């Protein structure tokens with residue numbers, strides 16, 4: 001059997017695609033919740049409450065300084081101990097991802113809101129908008145649109161980062177691939193080349209189109 | 001707990017040295033790749049664009065697995081450390097090249113034309129005109145990349161390199177002092193990353209003063 005035939009032996013290909021589905025599922029759930037939380041935190045970072053601003057800035061810096069793999073380990077070991085019960089690896093992963101995504105998103109939203117021209121707010125004030133209306137009608141719509149390319153790039157980072165989850169025992173694509181390779185070490189010595197090659201390609205296929213989309217949106221925005 | 005300190009120092013050395021070598025190589029290669037793009041050298045430019053897309057759109061972990069477990073099957077056995085450095089550089093050079101590219105475009109065209117008019121070739125232009133002016137603009141991006149790459153070294157534990165992350169996992173398995181060792185891990189990375197953040201901040205500030 002040659003290396004390529006591994007994909008068609010048994011249900012290997014189906015298993016790899018199930019691994020891919022886990023990657024997509026974990027990314028989508030953490031992105032939906034993380035991005036929503038990030039918008040809220042981003043708005044809070046532009047308000048006049050100094051304490052909240054400082055706390056949220058420190059929150060962001062933690063994710064900028066500590067590698068995500070380390071945070072995954074911290075949660076993986078600590079959360080079950082704190083709750084005194086078993087917590088599934090996937091729940092740990094989604095929790096860490098939500099916190100991380102919300103931190104990155106909060107910074108995008110903050111920069112977007114801060115770059116809305118001052119006149120826009122003054123026009124709002126002259127129309128008698130209260131601060132809630134200013135955020136809802138002016139700052140959010142104008143602040144979020146320019147950061148859309150940044151958000152798409154965050155999505156590709158999230159997808160790439162799911163690769164770390166195998167390290168805390170989540171059965172995602174790379175882990176499935178490793179299991180398949182282990183089954184064939186003797187029969188097909190080149191298994192690792194083919195299987196890791198395919199996974200490499202699948203990650204690329206997912207992220208490449210998103211990167212192109214981000215670049216396209218950015219160009220359109222620059223050109224008006 | 002005390003006995004683990006020499007192990008941490010050893011691991012710290014592994015993380016810093018592998019990360020450092022990878023960052024320096026990424027920096028040099030990234031600069032050369034950006035130059036090739038800037039001067040639109042045919043064929044090479046196309047190949048390198050393909051490389052940048054591949055590298056930026058795939059995770060380091062699968063790049064490392066492919067290098068460390070896949071390539072030996074093609075008769076190219078790599079040691080752990082070599083695979084780690086090649087992997088990190090494969091990833092890093094693409095990011096560095098993108099930062100350099102952006103900064104090169106900020107160098108006014110008239111500067112390049114002046115250089116050409118006094119007979120500079122591409123290499124002379126690169127080191128006397130483009131690099132000094134581009135580097136100033138590129139510092140924040142390059143610095144962010146360096147920090148990103150240093151953090152990515154935590155992935156090396158997947159190919160059983162005894163870096164900070166891996167040593168911590170081992171120690172937790174041996175002594176069950178989970179919280180203490182996790183705290184040591186977070187502190188160790190802070191000790192590496194925070195000075196980097198500070199240096200980049202100072203470089204950026206100095207450059208602002210010069211600019212004014």
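Every number in this text was worked out from the coordinates using simple rules, so none of it is lab data. Remember, it's a predicted structure, so these values are computed and weren't measured experimentally. Virtual Cβ from ideal backbone geometry, glycine too; neighbours counted across all protein chains shown.
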Nearest 10 degrees is fine. How inclined is helix B:44-56 to the longest principal axis of chain B, computing both from alpha carbons? 30 degrees
Which log10 I(q)/I(0) values does chain B give at q = 0.13 Å⁻¹ under the Debye formula, counting every alpha carbon as one identical point scatterer? -0.83
Ordered by fewest other Cβ atoms within 10 Å, a rough proxy for footprinting exposure, A:201, A:8 read A:8, A:201
Rounded to the nearest 500 deg cm²/dmol, what is the calculated helix-only ellipticity per residue at 222 nm for chain A, with -39500 (n - 2.57) per DSSP H run of length n ≥ 4? -24500 deg cm²/dmol
GNM flexibility winner over chain A from A:38, A:128, A:19 (Cα, springs under 10 Å): A:128
Suppose a student asked you for the relative contact order of chain B, using Cα pairs under 8 Å spaced at least 6 residues apart; what percent would you report? 29 percent
Sort B:169-180, A:50-61 for me by packing, meaning the mean count of neighbouring Cβ atoms within 10 Å per residue, highest on top. B:169-180, A:50-61
Assuming R0 = 25 Å, can you tell me the calculated FRET efficiency for the pair residue B:198 and residue A:57, based on Cβ-Cβ distance, to the nearest 0.05? 0.95
Rank B:199, B:24, B:107 by mean-square fluctuation in a GNM of chain B with C-alpha springs under 10 angstrom and give only the top-ranked residue. B:199
Just grab the label-to-label distance for residue B:114 and residue B:144, each label 7 Å out from Cα along the Cβ direction, in nm (one decimal). 3.0 nm
Roughly how many whole Å is it from the C-alpha centroid of the range A:159-205 to that of the range B:139-206? 25 Å
Mean ellipticity per residue at 222 nm, deg cm²/dmol - from DSSP H runs of n ≥ 4 across chain B, formula -39500 (n - 2.57): -25500 deg cm²/dmol
With a cut-off of 8 Å between alpha carbons and a minimum separation of six or more residues, what is the relative contact order of chain A in percent? 30 percent
Please report A:4, B:156, B:148 as a ranked list, fewest other C-beta atoms within 10 angstrom at the top and most at the bottom. A:4, B:148, B:156
Listed residues B:134, B:30, B:22, most fluctuating in chain B (Gaussian network, C-alpha, under 10 Å): B:134
Tell me the Kirkwood hydrodynamic radius of the protein assembly as shown in angstroms, computed as one over the mean inverse distance between distinct C-alpha pairs. 23.9 Å
On average, how many beta carbons from a partner chain sit within 10 Å of the beta carbon of a residue in A:70-81? 4
Divide the volume of the convex hull of the Cα atoms of the range A:36-175 by its number of residues and quote the answer in cubic angstrom per residue. 119 Å³
Degrees, to the nearest 10: A:68-83 long Cα axis against longest axis of chain A: 90 degrees
Residue A:123 versus residue B:183: modelled label distance in nm, points set 7 Å from Cα along the beta carbon direction: 5.4 nm
Neighbour-count ranking for B:3, B:163, A:9 (other C-beta within 10 angstrom, fewest to most) reads B:3, A:9, B:163
So the angle from the long Cα axis of helix B:80-104 to the longest Cα principal axis of chain B, reported in degrees to the nearest 10, equals 30 degrees
Taking a ≥ b ≥ c as the square roots of the Cα gyration tensor eigenvalues, with a/c under 1.5 meaning rounded and otherwise prolate when a/b beats b/c or oblate if not, the range B:9-112 comes out oblate
